[in-house]
Amino acid sequence: MQTLAKQVLAHASGLPEGTPLAAKELLHLGSRAAVDQVLSRLVRRSALLRAGRGIYVLPVESRFGTRAPSAVKMVEGLANQRGETIVAHGAAAANALGLTTQVPMRAVYLTSGPNRRLKLGAQIVEFRHAPIWQLIFPGRAAGEVVRALAWLGPKKAGEAISKLRAKLSPSELKEVASARARLPTWLAQEVSALVPHG
């Protein structure tokens, strides 16, 4: 029979890259105390990385050695596992849309869950609890636009809207405008500029 450590590693290996592992998911393999002990042992042996309290990830093996999984993959896995909405921070969204040349130095995400920091090797991934309106349209251009405009703020939003009009498709512009009722007043007014006047 396989040892508990081997069973845990086999389970982790069957998950997509970066999927977080929590002790509660492994209770089918053994008692909570035994699972916690094995997870700690696997971290000491560098077979697992401890990303945060109670959150572990399997390092990725490559021909150059082992590395931490990508932050993007871990974020996707965490969102699926915990049922949270997790989206890129407004600074990253603004950069992706070409509204700023500033490249965010840290990996920061907005979440419907609690504030927390996870460690992936040398990289710190920060999660900031955000109001529900900043989490709308996850994974879609319209959501990126809302987050980018929120980050840019009232002074820079008008100029950004002009740039976005040339970049986005009519359907994407319409989707952004459809969110007006959920946005703060200043942002709803800016986004109204995307609606053609009849």
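At a temperature of 25 °C and a viscosity of 0.890 mPa s, determine how fast the range 5-46 diffuses translationally according to Stokes-Einstein, using the Kirkwood radius over alpha-carbon pairs as Rh; express D in µm²/s, rounded to the nearest whole number.
On the way: Rh = 10.5 Å.
Roughly 234 µm²/s, to the nearest whole number.
Around N115, under 9 Å between beta carbons, what's the net of Lys plus Arg minus Asp minus Glu among the other residues? Summing Lys/Arg as +1 and Asp/Glu as -1 gives +2. Sequentially through the range 25-38, phi angles give Karplus couplings (6.51, -1.76, 1.60; θ = phi - 60°) of 6, 9, 5, 6, 9, x, 5, 4, 4, 5, 5, 4, 5, 5 Hz, Gly and Pro residues having no value and appearing as x.
Given a Förster distance of 45 Å, report the FRET efficiency between K24 and M105 from their Cβ-Cβ distance, rounded to the nearest 0.05. For R0 = 45 Å, the calculated efficiency reads 0.85.
Any chance you could list the semi-axes, whole Å, largest first, of the equivalent ellipsoid that the Cα gyration tensor gives for the range 72-147, using √(5λ)?
Numbers: eigenvalues 70, 52, 21 Å².
After diagonalising the Cα gyration tensor, the semi-axes are 19, 16, 10 Å.
The H on the amide N of G113, modeled in the peptide plane, is under 5 Å from the matching H of T85, each at least 5 residues off or on a different chain. Note on K156: lysines with a C-alpha under 22 Å away, same-chain residues under 8 apart excluded, are K167, K174. All C-alpha to C-alpha distances of the range 15-68, sorted into 10 Å bins beginning at zero, yield P(r) values of 25, 54, 19, 3 percent in whole numbers.
Neighbours of G54, meaning other residues whose beta-carbon lies under 10 angstrom from its beta-carbon, give a summed charge of +2 when Lys and Arg score +1 and Asp and Glu score -1. Compared with the dominant Cα axis of the chain, that is its longest principal axis, helix 154-167 is turned about 90°. The fraction of Cα-Cα pairs per 5 angstrom bin, counted from 0 for the chain, comes to 1, 7, 14, 17, 14, 12, 9, 8, 7, 5, 4, 1, 0, 0, 0 percent, rounded to whole percents. Around the Cα centre of the range 1-75, unit charges on the Cβ atoms of Lys, Arg, Asp and Glu (plus for the first two, minus for the last two) sum to a dipole of about 200 debye.
Counting only helical runs of four or more DSSP H residues, what would the 222 nm mean residue ellipticity of the chain come to if each run contributes -39,500 (n - 2.57) and the total is spread over all its residues? Present the calculation step by step, with values, prior to reporting the outcome.
Working: 8 runs with 84 residues, N = 198.
One gets -12500 deg cm²/dmol as the mean residue ellipticity at 222 nm.
If you plug the beta carbon distance of D36 and A10 into 1/(1 + (r/R0)^6) with R0 = 22 Å, you get a FRET efficiency near 0.75.
How many percent of all Cα-Cα pairs in the range 136-192 sit more than 13 Å apart?
The calculated P(r) of the range 136-192 puts 54 percent of pairs beyond 13 Å.
Computed from Cα atoms, the angle from the helix 4-13 axis to the main principal axis of the chain rounds to 30 degrees. Since only A142, A181, V8 are under comparison, the one whose Cα sits farthest along the positive direction of the charge dipole of the chain, derived from C-beta charges on Lys, Arg, Asp and Glu, is V8.
Coordinate-derived values only; no laboratory data. All figures in this text were calculated on a predicted structure; none of them were measured in a lab. Counting neighbours? That spans all protein chains shown, and the Cβs are built from the backbone with ideal geometry, glycine included.
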